[in-house]
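Please read the structure below before turning to the comments.
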Amino acid sequence: MSEDEINNVTAPSVTRLKKQHGPIDRRKLLSAATTGILGSILGGRSANAAGFLSSLMGNTNPLAPSASAAESNALRMATLGDYVWLTPTKLGGGAQVQDLASGKTMAWIEYWNYGDSCPIAHHLAAFPSVDPRKGFEFVNSTQGGQNALIYGIPTQLREHGMLDPLWGQGNQIYRVGFDGQQMNLLENIAETTGIGLGVHTVIFPDATGFTVSDGQKDIVAFFKRATGYDKTEVIDAFRFDWIGNEPNGLLADNWFKGGKVRITRLVKAQETGVYDYRGIKGNKLEWEMVPMGEYLAYTGQLPGNDVKALTGADNCVHHPIHPLSLVTLRMFAVGVVFDRTTMEPMAAISSPDGTSKEALQIKKIADGIWDLTLDNVVTSGHECGFSPEGKWFTMTNNTRQNSMGVFDCQDRDPRNWKRVTVYKDSHWTGSTPSPFHITYSMDGSKMLVSELHQKPAKSAIVVVDTKTWTTIKRFENVGVDMQTMHVTYDGKYVLAIFSGFQRLEGGTFIFTQDTLEPVGYIPNFGGHHDCVIVPRNNQELIHSRCTTV
Amino acid sequence: MILRVTRLQKSYGDGDRRVDAVSQADLSIAAGEFVSIVGRSGSGKSTLLAMIGALTRPTDGEIAIGGENIWALPETRLADVRRREIGFIFQFSSMLSNLRAIDNVALPALLGGETPPNQIYARAHDLLTRVGLSRRLSAFPGEMSGGEQRRVAIARALINAPRLLLADEPTSDLDEETEEEIVALLEALRGEEGFGMVMVTHNRDLAALASRVLEMRQGILTPIDAPKVQPTRIGARNLEPPAHSVRPIVLPTAMQHEPTALAAAEGAQAFHRLGANLGTAVRRVSAAGTVLFGVAFALNEGVARYQHYEIEAHRARLAALEELATSTLRSDIESIISLGDHRYEVTLYIENTRQDPPIYVMSPSVQAFVQVGTGWQEALLTPTAEATAAVLKIIGRQLYRFTLETRVDKFTELLPHYMHVRFTNNMLISPESTPKDELFQRNDNYYVYLKPDNVPDEAIAKDVHFPGAPPLWIWMPPH
């Protein structure tokens, strides 16, 4: 077999045996054929037959050639709602905005057009706009450039010199404006501020600013929002470094035998007046903290300059009511809570079952330096989120535990937050499948969790009742590598995007929020990794994944 | 005087383009009189007849039937005149092909709705008998000859007992013998019914049988013969010899009835029942329709439900198979050990996560490739004995070993010094050892970075930083 043939081998997923008589015989075939004919004549609706009776009953095909474009728009408008849907194109290197009412792509942007030689459009978040069709702004981070090397793509990026430390290694933060007709790059925030980060971008619930995080650098930055061609300012930025109790023993012991997290407020470089964390500057790892990245770290398979200092601080979410932001440290499934009024860490919580303490103290060492001591580490974590009414906080515990810690987070003082239970779906055994991204129904009565399965299995969705913290519904085999979910602001539908491990099948699965009935799929062109329905006000912003990742 | 036509004019166009189809025509016909009009084609004969018959409105002039100017009447009244006062015989018989002869004859009277159907059918029966068709009452037009059809047309024209019969070339498509019979028949009937008759013909021999003959030439009607004494029966006529000799006219032979003479009665009764039982008939049809629709609807629902069941069952089987093949069964690279000399022992695991019952993997095919340039170059991968079985029975976690040889000169280094290696594992999966239904074909790709055995760790460490010694292989997560 030739090389090309190997590269292009495809086969149907279901194969019928040749020369196999089995349970299908001629009689059954005849029966099926007869049924099909009868169904076609009489119009069996479940088979989508268009028989004369169905025609008489008005059961006409809405997709018939005679249907006008306007009619098809009306159909979609009636089903999905009048929303603007923003998605990044991951390895495509850009973002696109779609009109869910018409199904049209309204505009897109590709960052390599602006001189970025390896943009991997990663996470994004949109600021509220009264009329998103006329204009809105969003922030889109780009993943570390060497991430293009870990997906099994036979690339020659390195040979062709496209991995420049500044413009080919990602970690750009693009602020983009849609003006009603096209997308315009307004600012590269990494260039403006000197802080280049490539993972979660999460807007404050009051829309005055946002955070960007990156577990590859263990840095979380708080930004003050700019609009138009104004420049974004940094409110504060923090780095998280792990100092293990046993750094010279077995590599895994570096984390699992405890230690302390040092939190440091970053300062601007005196020479330039901006921070010095652009491009690969500050990278502890060569690659992003992918799912299972913790496993790679403590088995020594993750290259990088400072792997042992890894905490995995790759996301920061915001409490919907209180001015509190929580940074996830993935290596420990621990959250560090910052008070945005003082811009200091106040407390920490530990999500896994079995940790000695669920509420942890932060000790201030000096101005801009804090320590968080972890006596023991049980497992790593990944994503987390607050419920929209601000009552619950949950975090996924992965690799070694596969569960979710559930906290009562209503108190303004995070030191009083209590872990009320540890939720675990019956499917969560071993290392996979594992809980992944989180969102909530509009009223917070349901938690929606994407469940990551090992390739090539398709992800599932788990719906959890937040009164009893039990599974009330599972959608199996939804799509490969499911990512984030988003609820339409009228509370009718949940849209779940899956990216196909960058190169396999992709799509957006839709189900009803209240009745939890599957609706169907819409296309996902380009392996999106994230999704946002552009909010029209701050109330919608709360449901726009500014409290969850 | 049954008909009086005064200065009748029919013109088309205006000014220089004006054409007078009929010009200043005058004509009077007494009751029972027979007048013929001759003329060449296009001379205006048929136009004149159409105006007299209230079919075409004249440009000028007056037509009085029974002393009433018909074109001064409203349209509804004019229709009555057409139906009651005038009978038409056209150039072609124009029968309704789906009606019997007697139905065709009765129809104009039935449309009026003034006479009971049984009386109408009785007259139709009588008329058809008188035209010699007593045995053909129930014949359909397609079953009759041209002469027979023309006789039916005559009977139809007389069903309403008109005072004036207009015949426009009534024998145009008939042979000579038959056309003489038709004219003789008309003459006989005229004698019996007493209607006046205007016959347009191009046959001067036939025209000569009329009491008066007029000629239409370029729209102008002129008499060519003096009025004659009007006989009442053809046999008693005292005609002057015509210009050409005419064969003797023979009346139809003795009229014979259909054996049972039921056709007329049946038609009348059927028409009567149609009206009398209309409500009942509608209710019965509705009831039958409802039952039929209900049966069809139920059948439709049944078929739809069966199809739904079958489709759902099939979908469920496929979903369960996919779940089994992709989630319950897991597979990846377990370990890689260097054997030296570019050789590695590669261990693949296949795990049935539910332990029992077993999962069967048919014909596993594992290959290895090393990235060279932007393509994949196959590397020799030799399975050990346990990995060569045709069917693998998977219970729990099972390991299969292969020997990999990577003698590749210039491999691509995505990670400095490391080979980029791809393993493909194609499996046909079934829950049964002898599959009876679908199989799931699963195609896995596992990617690793693999350290060549001829590169010292120190050289690698200069370019790539690891927390420990450079690992032999690096598993790449799929995300």
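Treating the angle as unsigned and between 0 and 90°, give the value, to the nearest 10°, between the Cα long axis of helix A:26-42 and the longest Cα principal axis of chain A. Taking Cα atoms only, the helix is inclined about 90 degrees.
For the peptides B:181-191, B:446-456, A:466-476, the ranking by packing is B:181-191, B:446-456, A:466-476, with the highest mean count of neighbouring Cβ atoms within 10 Å listed first. The residues packed around A:Cys409, meaning those with a beta-carbon under 14 Å from its beta-carbon, carry a net charge of -1 if Lys and Arg are +1 and Asp and Glu are -1. At full extension, A:Thr515 and A:Thr468 could sit 15.1 nm farther apart than now, given 0.36 nm per residue minus the alpha carbon distance. A Förster radius of 30 Å, combined with the Cβ-Cβ distance separating A:Glu344 from B:Lys462, puts the computed FRET efficiency at roughly 0.15.
In deg cm²/dmol and to the nearest 500, what is the mean residue ellipticity at 222 nm of chain B if only DSSP H runs of at least 4 residues count, each as -39500 (n - 2.57), divided by the residue total?
Rounded to the nearest 500, it is -10000 deg cm²/dmol.
Label separation (A:Lys268 vs B:Ala385): 7.3 nm, computed from points 7 Å beyond Cα along the C-beta direction.
What number do you get for segment A:429-549 when its Cα radius of gyration is normalised by 2.2 N^0.38 Å, N = residues? Spell out each step's value before the answer.
Numbers: Rg = 13.5 Å, N = 121, 2.2 N^0.38 = 13.6 Å.
Against the empirical 2.2 N^0.38 Å value, I get 1.00 for segment A:429-549.
Estimate the FRET efficiency between B:Glu334 and B:Ser286 by the formula 1/(1 + (r/R0)^6), using the beta-carbon distance for r and 51 Å for R0, to the nearest 0.05.
Details: r = 76 Å, r/R0 = 1.48.
Efficiency, rounded to the nearest 0.05: 0.10.
Quick check on segment A:502-549: take the gyration tensor over C-alpha atoms, sort the square-rooted eigenvalues as a ≥ b ≥ c, and tell me if it's rounded (a/c under 1.5), prolate or oblate. The shape class here is oblate. Taking Cα pairs under 8 Å and at least six residues apart, what relative contact order does chain B come out at, in percent? Relative contact order for chain B comes out at 12 percent.
Given the pairs A:Lys90/A:Lys458; A:Lys90/A:Lys424; A:Lys90/A:Lys455, which span a C-alpha to C-alpha distance of over 21 angstrom in this model?
A:Lys90/A:Lys424, as the Cα separations exceed 21 Å there.
At an R0 of 56 angstrom, the distance between the Cβ atoms of A:Ala359 and B:Thr353 translates into a FRET efficiency of 0.95. 3J(HN,Hα) along segment A:295-304: 4, 4, 5, 7, 9, x, 9, 9, x, x Hz, from the Karplus curve 6.51 cos²θ - 1.76 cosθ + 1.60 with θ = phi - 60°, whole Hz, x for Gly and Pro. The slack between A:Val420 and A:Asp490, meaning 0.36 nm per residue of separation minus the straight C-alpha distance, is 22.2 nm.
The mean number of Cβ atoms from other chains found within 10 Å of a Cβ in peptide A:452-458 is 6, as a whole number.
Screening chain B for DSSP H helices whose Cα atoms reach 24 Å or more along their own axis and whose mean Kyte hydropathy is at least 0.0 gives B:278-323. The modelled label-to-label distance for the pair A:Asp276/A:Asp408, using points 7 Å beyond Cα in the direction of Cβ, is 4.8 nm. Note on A:Lys308: lysines with a C-alpha under 24 Å away, same-chain residues under 8 apart excluded, are A:Lys217, A:Lys257, A:Lys260, A:Lys281, A:Lys284, A:Lys357, A:Lys363, A:Lys364, B:Lys451, B:Lys462.
Estimated purely from DSSP H runs of n ≥ 4, each contributing -39500 (n - 2.57), the mean residue ellipticity at 222 nm for chain A is -3000 deg cm²/dmol once divided by its residues. Seen from B:Arg397, the other residues with C-beta closer than 9 Å to its C-beta sum to a net charge of -1, counting Lys and Arg as +1 and Asp and Glu as -1. Taking the Cα atoms of the protein assembly as shown, the ratio Rg/Rh between the radius of gyration and the Kirkwood radius comes to 1.32.
Using the Cβ of B:Thr384 as centre and a radius below 13 Å, the other residues enclosed give a net charge of -1, where K and R count +1 and D and E count -1. Entry note: segment A:62-193 has Rg to Rh equal to 1.08, where both radii use alpha-carbon atoms and Rh is the Kirkwood radius.
Per-residue extension of 0.36 nm, minus the Cα-Cα distance of B:Ile224 and B:Thr76, leaves a gain of 49.6 nm for this segment. Computed about the Cα centre, the dipole magnitude for the protein assembly as shown is approximately 2100 debye when only Lys and Arg (+1) and Asp and Glu (-1) carry charge, each at its Cβ.
Bridging of A:Lys492 to lysines at a Cα separation below 18 Å is possible for A:Lys446, A:Lys473, once same-chain residues fewer than 8 apart are set aside. The protection proxy used here, the mean number of other Cβ atoms lying within 10 Å of each residue, ranks peptides A:444-452, B:168-176, B:388-396 as follows, highest first: A:444-452, B:168-176, B:388-396.
Each value in this text was obtained by applying a stated rule to the coordinates, not by laboratory testing. Given the structure is predicted, the values throughout are model-derived calculations rather than measurements. Positions of Cβ are backbone-derived with ideal geometry, glycine not excepted, and every protein chain shown enters the neighbour counts.
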